[in-house]
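Read-outs: derived from the displayed coordinates by stated rules, not from any lab. Everything quoted here is computed from the prediction, not taken from an experiment. No Cβ is skipped: glycine too gets one built from the backbone with ideal geometry, and neighbour counts run over all protein chains shown.
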Amino acid sequence: MFHSGNFFLWFPAAILGHQALEMYLKAALIVRGHAVSKSGVWGHDLGLLAEQLFAGRKMPSPLRKDLQTFTDYFNELRYPSKLVKVEELSEGQGKLLDFLVAKLRPLAEK
């Protein structure tokens, strides 16, 4: 959707991209034995989920920032009051999403 050239598709692409990244992070946490409960794997903040995933290990430095980009889009589009981050949406976020999926997908596999 980011690569379509259609500006109007970038908004749903940002939300769907966030949801995909969230599912990869949660799957990776579950594979590592984290429970799906209110005290376990929960929430929508990709950075916090990544911190849980990499607890005790070094998280690749730009990963937290890149994931935060999609959390910011998700929050603004889901709870719109002031749109700032989504003004940065472009086809480039498609490349960022592809990069993040490539990093997270292997972590979610058994």
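Residues being out of contact with any helix residue (DSSP H, G or I) (no Cβ under 8 Å at 6 or more places or on another chain) and among the hydrophobic types (A, V, I, L, M, F, W, C) are entirely absent from segment 73-93. Checking each residue in segment 84-101 for being free of Cβ contacts under 8 Å to residues at least 12 places away in the same chain and under 12 Å from the mean Cα position of the chain (by Cα) picks out only Asp98. Looking across segment 53-73 at every residue that is touching a residue at least 24 places away in the same chain (Cβ under 8 Å) and in contact with a Leu (Cβ under 8 Å, 6 or more places away or on another chain), the one that is nearest to Arg32 (Cα to Cα) is identified as Leu53.
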